[in-house]
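Worksheet for the structure shown next.
The values are calculated or read from the model by the stated rules, or taken from the named source; none is laboratory data. The shown structure was predicted, so the numbers you read here are calculated from the model rather than taken from an experiment. Positions of Cβ are backbone-derived with ideal geometry, glycine not excepted, and every protein chain shown enters the neighbour counts.
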Amino acid sequence: MEFFRNLRIVPRWLIVMVDAIIVFHAAFFAFFIRFNFNLDQVDRFDILPAVLVFTLLAVVSMLMTHSYVGIVRHTHSGDLVNMMKMLGMAHVLLALIKTSNTYVMWLDAGFFLPFSVGLIASLLAFPLLIGYRLLVKEAYQYAIFTRNKGTAKKVAIYGAGQAGILTYQTLSGHGSSQWQPVAFIDDDPVKSKMVLHGKKIFLGINGLKYAVEKLGVQEVVIAINTLTPQRRREIVDTCLALGIPSKTIPPAEEWFNVGLQTKDIREVRIEDLLSREEILLDKNSVAADIKGKVVMVTGAAGSIGSELSRQLLKCRPKHLIVLDQAESALYDLQQEIKNHPQGAKIEYLIADIRNKDRMREIFNQFRPQLVFHAAAYKHVPMMEAYPEEAIQCNVLGTKILADLSAAYGAEKFVMVSTDKAVNPTNVMGASKRLAEMYVQSLDYHLSMQEMEGHTRFITTRFGNVLGSNGSVIPLFRKQIMEGGPLTVTHPEITRYFMTIPEACQLVLEAGVMGNGGEIYVFDMGEPVKIVDLAKKMIALSGKKLNEDIKIEFTGLRAGEKLYEELLNKDEEVTATHHPKIKIAKVKASEYEMIHDNIGEFHNIIGFQDEFEVVRQLKKLVPEFVSNYSRFSKLDSTKEEVLY
């Protein structure tokens, strides 16, 4: 058995030799079977020369079909086909040589097997050739099992389909694996109590509990690529309740071409549990609207902007302009996508959207037809501390881009907004709401002038995105690695979440369907309590709440509110052709009034009076009521709104 433990790959010459020996003996005994062990009949043939010639032809066939190149311990159905090809080729060579020999007579006819004997020889050799490979495979796996018996974790594979089988083969066929598959779990009642690879298949959640109790399962690997997010959550919650960790395999497209590796099997992450059903979009119409056009993305090095850039490249634009002021992050994006196979020309620009002259130069040089505006300051506490910066970037920067888009004839301007713009309680949210108001009023203003082919301005509004810069999830993950505590501002605070790719897909879809002036609101699903998210992340990390890691409540931060909203009290929604995208019915503001009063910020900011800046912001965004902020005192003396 030590031989199998130490031998990683059987040499090819050894496989050829063993295969040749099997064919030789199969052909030898085929004579006796063919003539029913009648020795008088058998003596009419020169058995040894005939068998040697057939064996030689089989070896030539092995070299031609490469039937010997497979790794024996990974024998699979493809090896059966290779064996059939090899034996079939041997018969073809035998037929060719026998036929040519009738004309040339360079060998005695007795040196060749009768076709009936050759057929019997193949029928004998085939199961022997496959059988010894399977025997070696089982011996190898048994050797690995005995070696790791004391240390390997007992694993149940949730999924008895193709992905589950590949997961089993990956775990059981890896010599250094510390996992020992002992059972399959599946939701299909038809598979219940059946046996797969010698392991029993148990049904559903109850079957999982039984396997843990009776077989001592210590870990679960979820191996169903089509599993719904809700069902995944149920399985993981069951594992957490049973006190065992859960792992998962990546989507099939990530490993299909290269094969599943043990390193690909990873822990279930909180992002897996917060994900929802895949959003189905008409990608063809999106791609058709973008293909061959000059497209610009601002804030392209950020979480949303970088993913927008990746997805836009798949739509084959003529020219993609990625713009950001963050040098290092933009460099990282450049290294990632510079050799993108789609062949679009990509321009990487370091620039500040607040610099009007620089932005005019860029618009004049590249003439973008589509502008996706994702650049923004978005961290609530930071912008509450520096309101002038929020106004300069989120309001004045947006105004510069919107005005230039109109001046240089861009087809569409798509602004990425936030749910914090709804009934804002902080400077950041109010600045984004004012930016929404400006681009919407500009669209209405251009429409009223009946300018043919004017720029259409579209706003998209959604909540938190998983894994974005500043998201609570990376923060919690870092705090867990440091041993805690996890800091939550309030036990009742809730937020909406969606994945970055999902959000960007919806932005592109909204950009295509938009006719101008709309504020698109995305279906964010159900809100999540942050404290529940923290508890689940602690459990997923294998730690115990209040024993290994604690949760501390630090109090709401300046400008923060408990619940985010997607609509204010005066807004309603109308449906679109896509069930996940709605249009908020918001009355457009008067363009001249918004334009002139936004211009006042230049004078106010010059005096560096933050309270005057926020007072002006509250005039323009009347629903802005500060929360847990030093600016709350402005609400009690709020002047009459400007419209």
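So the values come out like this:
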read-out	value
Pick from segment 411-421, criterion surrounded by fewer than 24 Cβ atoms within 10 Å (Cβ to Cβ) and outside any strand (DSSP E or B), ranking: modelled with the highest pLDDT	411
Residues of segment 341-389 that turn out to be surrounded by fewer than 16 Cβ atoms within 10 Å (Cβ to Cβ) and of a type in the set (Val, Ile, Thr), as a count	1
First in segment 526-545 and within 14 Å of residue 491 (Cβ to Cβ) and without any contact (Cβ under 8 Å) to a residue 60 or more places away in the chain, second anywhere and in a helix (DSSP H, G or I) and among the basic types (Lys, Arg), Cβ under 7 Å, 6 or more apart	545/535
Subset of segment 473-492 that is closer than 16 Å to residue 543 by Cβ and touching a Lys or Arg at 6+ places or on another chain (Cβ under 8 Å) - its residue that is surrounded by the most Cβ atoms within 10 Å (Cβ to Cβ)	486
Residue that is farthest from residue 498 (Cα to Cα), among those in segment 589-607 that are surrounded by 18 or more Cβ atoms within 10 Å (Cβ to Cβ) and of a type in the set (A, V, I, L, M, F, W, C)	604
Restricting segment 439-462 to residues that are surrounded by fewer than 18 Cβ atoms within 10 Å (Cβ to Cβ) and among the hydrophobic types (A, V, I, L, M, F, W, C), the residue that is nearest to residue 407 (Cα to Cα)	451
Any strands (runs of 3 or more DSSP E) falling wholly within segment 535-627 and containing at least 1 residues that are at pLDDT 85 or above and among the acidic types (Asp, Glu)	551-553
Residue match in segment 247-257 (condition: closer than 30 Å to residue 463 by Cβ, at pLDDT 80 or above and not in a loop (DSSP other than H, G, I, E, B))	yes
Helices (runs of 4 or more DSSP H) lying entirely in segment 424-530 (those with 2 or more residues that are over 29 Å from residue 575 (Cβ atoms))	427-448, 472-481
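The rows are residues; the columns are (1) touching a helix residue (DSSP H, G or I) at 6+ places or on another chain (Cβ under 7 Å); (2) at pLDDT 90 or above; (3) among the polar types (S, T, N, Q).
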| residue | (1), (2), (3) |
| --- | --- |
| 447 | no, no, yes |
| 456 | yes, yes, no |
| 462 | yes, no, no |
| 468 | yes, no, yes |
| 479 | no, no, yes |
| 524 | no, no, no |
| 527 | no, no, no |
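Quick grid of which residues meet (1) among the small types (Gly, Ala, Ser); (2) farther than 29 Å from residue 86 by Cβ; (3) at pLDDT 85 or above:
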position	(1), (2), (3)
121	yes, no, no
140	no, no, no
150	yes, yes, no
174	no, no, no
194	no, yes, yes
206	no, yes, yes
